[in-house]
Each structure stands twice: as structure tokens, then as C-alpha cells.
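This report concerns only the one structure given below.
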Amino acid sequence: MNKILITGALGQIGTELASALCERYGQENVIASDVRPKKETDEIVDCLFIPLDVTNPKGVAEIVQKHNVGTIYHLAALLSAVAETKPQIAWNVNMNGLYYILEVAREFHCSVFTPSSIGAFGISAPHDRTPQETIQRPSTMYGVTKVAGELLCDYYFKRFGVDTRGVRYPGLISYKTLPGGGTTDYAVEIFYEAIRSQKYTCFLKEGTYLDMMYMPDAIDAAIRLMEANPDRLKHRNAFNVTSMSIAPEVISAEIRKHIPEFEMNYRIDPIRQAIADSWPNSLDDSAAREEWGWKPTFKLPEMAADMLEKLSKKLNVNNLLDHE
Ligand code: NAD
Ligand code: SER
């Protein structure tokens, strides 16, 4: 079998995708890569790891050729809040990195999965049940690179026949690897702080509804889409996917069902609040459901219960959920 390469594999998604791909296709068929070296504390499966900066086209080509790579899960990117602080670097990593991956995929006949985001929409898109196809005028560098990336991936499919596929992920909630500097990070931090101190200060204001998804569903979406029958795909880059539309006080109330003493207050970060306000409240994911059978497993209650249980074990907090 041709090998599978993951770029940005030490990040929030990559660490969990690597395990899932190894389990499904065999550890010997998966190569993890990242711009930074792997550390003892990285919770990534023990497959082959190769340092790779995606802004180095020669490095990308060498790995793909040498290891006979057939599929690339291209996760290397800067997330929304970090990208706003370093827009030039974000353009370089998110756009030039993607361009080099697509060029190598064209030359060596690889298929490519590239995640887009709810950040690919802006204030002028409908905010509730945002359609699969609608106006996309984001106001952030992150969003600009996501829309341009979707278009570039479609172009490589139509013009060169590269099998490009992608989803517009919402905020992802997980317990293995911390998020990398996004606007939706509060939805992970809140669980850590609920367990550590039973208090959390949220940087988004009450009533800020955004789509979210638990990591097992996000991993399932990526693999399911890459395995989907291409004849059924009317869209490619990128499919709206979602599991739940929630605001900070909604997660807080759910956590209180397990930890009654949990308290949340607010200190608004104006930059991340402005980003969140420009994003959809909820997505319409019917195209993904129809074209490749997308169906999430976790809603808010199941996600919160699982997060609290797994994180309590990880953080070695034993008696907090004992009353359940
Ligand atoms: P992350 O920030 O956790 O991980 C990204 C990884 O990319 C990091 O390990 C980083 O070291 C690496 N990286 C940065 N620059 C690189 C370079 N030049 N070359 C190689 N690697 C580099 O991000 P993530 O959450 O795992 O996101 C992966 C993809 O999914 C991104 O495209 C992101 O936009 C998208 N996405 C994520 C979310 C989410 O909530 N996590 C939501 C929507 C879309
Ligand atoms: N979670 C991501 C972010 O906030 C959404 O793309 O940047």
C-alpha cells in the first residue's frame, strides 16, 4: 500500500488522526511529520516521525518520493487567533505550504485532505444554518487563507485531476493535545479549569454561539470523506460539518451537571470576540450527510461526560466526579 503522510501531526488533530490511521491502515503505513521536533510529552502514536517544514517544497517532495506516499493529510497551519498576530507568517504557512503540497500531489499522484474551517465565512454570510454554498468574505487572515485554500484545492482537482477533499471543521474539543491558538479554544480550556480549579474565566461573551465537535467525530469525518466513493461527491473543498451549536454558558451549565460547584465568569478578549462574531452561529451540513454519509456521534451531553471523565484521569484528579 502507498504510505499516508500527515503534516502538522503534533497538533490537536494530528496526534489523534495518527492513532486512528495507524489502527486502520497499519503503523508501518503512516508517516507523521511536523515543523517542530517530537517531545517525550507529545501524545502521538509511535509511527515513523520525520521533521518537515511545509514551506520547504524540496523537503515535501523528498519525503513523498522516498516513502512512496499516496495520501496526504495536510494539517500544518496557523489557527485563527495566532494568524491574526502573525498574518505574514500565516499566509506563508497556510497558503504557500498548501501550494507546495498540491504541487507535489500533482507530480506524484497523491490524494490530499485539507481542513478548512467555519472561519472561511465572514459577517456577510447567513449566520444561522450557514449553507454549503453562500457568500464567503472573511475578515481575518486565517479566513482569507481558508477560502483561498478551498478554491486552490478545487482548482487542482478540476485542472490536474488531483483528488482533493476537505471539510470545514467547527471548533474541535479534545483532551489529548491542547488547541493551537484558535478562537474556539475556550471550549477546551473550560474543561481543564473545571477539573483543576472549578473556575473558568471565558474570553468570549455570553451568547456567542459557534459550532463545535468532539474529536472522535472530527477524525471519523476526515477518514470517512477520504474513503468516500468519488462518484457521489458533488462538492469537494470543503464540506460543512458540525455536531452542536453552543455558547459558553451552555457548556458551563452542562459541566455544572457533573461539577455543581463550577463557576464561570467573563473577561472578553476583543480580538477573539470580533473573530467569533464574524463566524456562523451554526452550519448546514446536509451536503456532507447526503454525499458521503456524515453523521456525528457526540452531542453536548455525551461529549461533556466523556471529556470530564478522560481529563480527570489525565490530570490525576480522582474524587471530583465521585458523586456521579
Ligand atoms: P494545531 O495548531 O494544533 O497544529 C498545527 C501543527 O502544525 C502544529 O503541530 C505546528 O507545529 C505545525 N506547523 C506549523 N507550521 C508548520 C510548518 N511550516 N510546517 C509543518 N508543520 C507546521 O492545529 P490543528 O487544530 O491540529 O489544526 C489542523 C488543521 O485543521 C488546520 O488547517 C486548522 O486550520 C484546521 N482546523 C482546526 C480546527 C480546530 O478547532 N482544531 C477547526 C477548524 C479547522
Ligand atoms: N478552532 C479553529 C480556530 O478557532 C476554527 O478554525 O481557529
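A compact table of results
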{"item": "All positions within the range 211-232 that are outside any helix (DSSP H, G or I) and crowded, with 16+ Cβ neighbours inside 10 Å", "result": "Asp211, Met212, Met213, Tyr214, Ala228"}
{"item": "Yes/no for Val188 being among the hydrophobic types (A, V, I, L, M, F, W, C), away from ligand 2 (no atom under 16 Å from the Cβ) and buried (at least 16 other Cβ atoms within 10 Å of the Cβ)", "result": "no"}
{"item": "Filtered residues of the range 177-210 (kept if of a type outside the set (Val, Ile, Thr), in contact (Cβ under 8 Å) with a residue 60 or more places away in the chain, away from ligand 1 (no atom under 11 Å from the Cβ) and outside any helix (DSSP H, G or I))", "result": "Gln198, Lys199, Tyr200, Cys202, Phe203, Leu204, Lys205, Glu206, Tyr209"}
{"item": "Odd one out for Ala287, checked against (1) aliphatic (A, V, I, L, M); (2) buried (at least 19 other Cβ atoms within 10 Å of the Cβ); (3) touching a Lys or Arg at 6+ places or on another chain (Cβ under 9 Å)", "result": "(2)"}
{"item": "Subset of the range 282-324 [touching a strand residue (DSSP E or B) at 6+ places or on another chain (Cβ under 6 Å), outside any helix (DSSP H, G or I) and of a type outside the set (D, E, K, R)]", "result": "Ser282, Leu283, Phe298"}
{"item": "Residue match in the range 160-168 (condition: more than 15 Å from ligand 1 (Cβ to nearest atom), touching a strand residue (DSSP E or B) at 6+ places or on another chain (Cβ under 7 Å) and not basic (Lys, Arg))", "result": "yes"}
{"item": "Options Glu40, Glu23, Glu28; residue that is under 20 Å from Tyr214 (Cα atoms), more than 16 Å from ligand 2 (Cβ to nearest atom), acidic (Asp, Glu) and surrounded by fewer than 17 Cβ atoms within 10 Å (Cβ to Cβ)", "result": "Glu23"}
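Every number here is computed from the coordinates shown, using simple stated rules; none is lab data. Predicted model, so just to flag it, every value in this text is computed and none were measured. Cβ sites come from the backbone with ideal geometry, for glycine too, and all protein chains shown count toward neighbours.
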